[in-house]
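Trainee: Please find one structure pasted underneath; my questions will follow.
Coordinate-derived values only; no laboratory data. Please read these numbers as outputs of a predicted model, since none were measured by experiment. Note: ideal-geometry Cβ built from the backbone for every residue, glycine included; neighbour counts use all protein chains shown.
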Amino acid sequence: MRALPRRTAPLLVALVAVVTTACGPIGGGSADADDTPATSVPDLADVTPLADPRSAEGTIEINLPEPDIRPVEENPEPELPATVTDAQGTEVTVTDVSRILALDIYGTLSQTVFELGLGDNIVGRDTSSAYQDIADRPLVTQNGHELNAESILDLNPSVVLTDTSLGPWDVILQLKDAGIPVVVTDSERNLENLSSLTQEVADALGVPEQGTKLGKRIEKEADAVEAEIAKVAPQDVTGQLRTIFLYVRGQANVYYMFGEGSGADALIEAVGGYDVSGEIGWNGMKPVNDEGLIKAQPDVVLMMRNGLDSVGGIDGLLDHFPALAETPAGEHERIIAMDDEQILSFGPRTADVLNALAVAFYAPDAL
């Protein structure tokens, strides 16, 4: 995988967690209630890209199909006890992995456990983990992405894997006080830590060799998609699609543009777009305004799908930001909105996410 500047996403995770727990389920629903049909996404290598990517018009909403769970090993035998130092510097010893909870805002941790071959040991799930293999497990989150201590304790987990994307943190402290081993993993989501995050999960569950295999597979698949993107994406910066990432929650009156160091910039660059935030000096995450949009002059706006829905679609977005109509993206209604739990997950589905966004960028008629 090509070297990229280190991208940090803890602020992104914190913003998403605060908004979703304050406002209930993202976009007014939950992953369980979402009946949006899955988007059929072809491989980028199998489509004919536009001669000029800027010629495309219209809004695209993407909801990837169910993940294809492919364990690197069926029912591996964990090496226990496993003692690890987690992302917060706490030494944790895990002696039993028969009742696992893997909880984060994107469902990345739970899918990683399944891919490691220990999915049958998962006893509950977060709202974002709603794929078929796990859908029958009881929810331990409420109001969107708020941890419910009673629901978790009722399941008597032998180990809890989580990060700082879900709250309230008092629930995590309560679990620790109850004597449950809690391993806090890295909250960053980027292209550089695909294998290291996987290894954190695997080490904590006593399956380090399987973690190494899975991490290599995830990186290899992402590399392969990036190689296909390089064949169709303009190499000259002047030809690249000027792209911004908007984080919108209309019901909470939250309108942010994500800039350098947010994690969204790495995603934009990975699909061959031109991340405008560096040009306009937009660091981290800031409330967006008309001045920022005019200055950015994006060709494409990336968003979370439920965020776009929360403002009533493209018409509502343009009503709230009339200045967006004065940009190429607004003029052509060039919005690409992907499912909230998928677009910045950076986990086992990284290759799928990159492929889908690249098709939307360069061959949108194929979707």
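Trainee: Using Cα pairs closer than 8 Å and at least 6 residues apart in sequence, work out the relative contact order for the chain, in percent.
Mentor: Details: 748 pairs, mean separation 89.2, N = 367.
Once divided by the residue count of the chain, the mean separation gives 24 percent.
Trainee: A follow-up question, please. Any idea what the relative contact order of the range 82-216 is, in percent, if you count C-alpha pairs under 8 Å spaced at least 6 apart? Could you put the intermediate results ahead of the total?
Mentor: Working: 238 pairs, mean separation 35.6, N = 135.
Relative contact order comes out at 26 percent.
Trainee: Now for a different question. Straight-line reach from LYS231: which lysines fall under 20 Å, measuring Cα to Cα and dropping same-chain residues less than 8 apart?
Mentor: Partners found: LYS220.
Trainee: Could you work out how much longer the chain between ASP133 and HIS320 gets when fully extended? Use 0.36 nm per residue separation minus the Cα distance between them, nm to one decimal.
Mentor: Contour length minus Cα-Cα distance gives 63.4 nm.
Trainee: By count of other Cβ within 10 Å, fewest leading, how are LEU173, LEU308, LEU153 ordered?
Mentor: LEU173, LEU153, LEU308
Trainee: Also: Taking the Cβ of GLU200 as the centre, find all other residues whose Cβ is under 10 Å away and add up their charges (Lys, Arg: +1; Asp, Glu: -1).
Mentor: My count for the surroundings of GLU200 gives -4.
Trainee: Still on this structure, I have one more. Once you sort the root eigenvalues of the Cα gyration tensor of the range 82-216 as a ≥ b ≥ c, which label holds: rounded (a/c under 1.5), prolate (a/b larger than b/c) or oblate (the other case)?
Mentor: In terms of gyration-tensor shape, rounded.
Trainee: Now a separate question. Say a site is exposed when it is one of the trypsin sites (Lys or Arg not before Pro), sits in a DSSP loop, and has at most 11 other Cβ atoms within 10 Å; what is then the longest site-free stretch of the chain?
Mentor: 7-367
Trainee: Just tell me, in residue order, which DSSP H segments of the chain are both 27 angstrom or longer along the helix axis (alpha-carbon based) and at least 1.6 in mean Kyte-Doolittle hydropathy.
Mentor: none
Trainee: Say we join alpha carbon atoms closer than 10 Å with springs in a Gaussian network model of the chain; which of GLN132, GLN199, GLN210 then has the biggest fluctuation?
Mentor: Per the Cα network of the chain with a 10 Å cutoff, GLN132 tops the list.
Trainee: What is the order of PHE346, PHE321, fewest Cβ neighbours within 10 Å to most?
Mentor: Ranking PHE346, PHE321 by Cβ neighbours within 10 Å, fewest first, gives PHE321, PHE346.
Trainee: Now a separate question. Listing THR141, THR36 from the residue with the fewest other Cβ atoms within 10 Å to the one with the most, what is the order?
Mentor: Arranged by neighbour count, lowest to highest, THR141, THR36 become THR36, THR141.
Trainee: If you don't mind, another one. Dipole of the chain, Cα-centred, from +1 at each Lys and Arg C-beta and -1 at each Asp and Glu C-beta, to the nearest 20 debye?
Mentor: That gives the chain a dipole magnitude of about 540 debye.
Trainee: List the lysines whose alpha-carbon lies under 18 Å from that of LYS286, not counting same-chain residues fewer than 8 positions away?
Mentor: LYS286 reaches LYS295.
Trainee: Each residue of the range 85-100 in order: what ³J(HN,Hα) in whole Hz does its phi give by Karplus 6.51 cos²θ - 1.76 cosθ + 1.60, θ = phi - 60°, with x for Gly and Pro?
Mentor: Values per residue, Gly and Pro as x: 9, 7, 5, 9, x, 8, 7, 10, 10, 10, 10, 8, 10, 6, 9, 9 Hz.
Trainee: Okay, moving on. Going by a ≥ b ≥ c, the root eigenvalues of the Cα gyration tensor, does the range 164-298 fall in the rounded group (a/c under 1.5), the prolate group (a/b larger than b/c) or the oblate group?
Mentor: oblate
Trainee: Quick one: which residues, 5 or more positions from ILE62 or on another chain, have an amide H under 5 Å from its amide H? H modelled 1.01 Å from N in the peptide plane, none for Pro or chain starts.
Mentor: The list, which skips near neighbours in sequence, is ALA337, MET338, ASP339.
Trainee: Just from its helices, what would the mean residue ellipticity at 222 nm be for the chain, if runs of 4 or more DSSP H residues each count -39500 (n - 2.57) and the sum is divided by every residue, rounded to the nearest 500 deg cm²/dmol? All intermediate terms of the calculation are to be shown ahead of the outcome.
Mentor: Working: 14 runs with 127 residues, N = 367.
One gets -10000 deg cm²/dmol as the mean residue ellipticity at 222 nm.
Trainee: Tell me the net charge near LYS216. Cut-off is 13 Å between Cβ atoms, LYS216 excluded, with +1 for each Lys or Arg and -1 for each Asp or Glu.
Mentor: -2
Trainee: Under a point-charge model restricted to the Cβ atoms of Lys and Arg (+1) and Asp and Glu (-1), what is the dipole moment magnitude of the range 82-216 relative to its Cα centre, in debye to the nearest 20?
Mentor: 220 debye
Trainee: How charged is the neighbourhood of ALA296? Take every other residue with its Cβ under 9 Å from the Cβ of ALA296, and add Lys/Arg as +1 and Asp/Glu as -1.
Mentor: Numbers: positive: ARG242, LYS295; negative: GLU279.
Neighbourhood net charge equals +1.
Trainee: Rounded, prolate or oblate: which fits the range 249-367 when a ≥ b ≥ c are the square roots of the eigenvalues of the alpha-carbon gyration tensor, with rounded for a/c under 1.5 and prolate only if a/b beats b/c? The partial results should precede the final answer.
Mentor: Details: a/c = 1.38, a/b = 1.27, b/c = 1.09.
Rounded, since a/c falls under 1.5.
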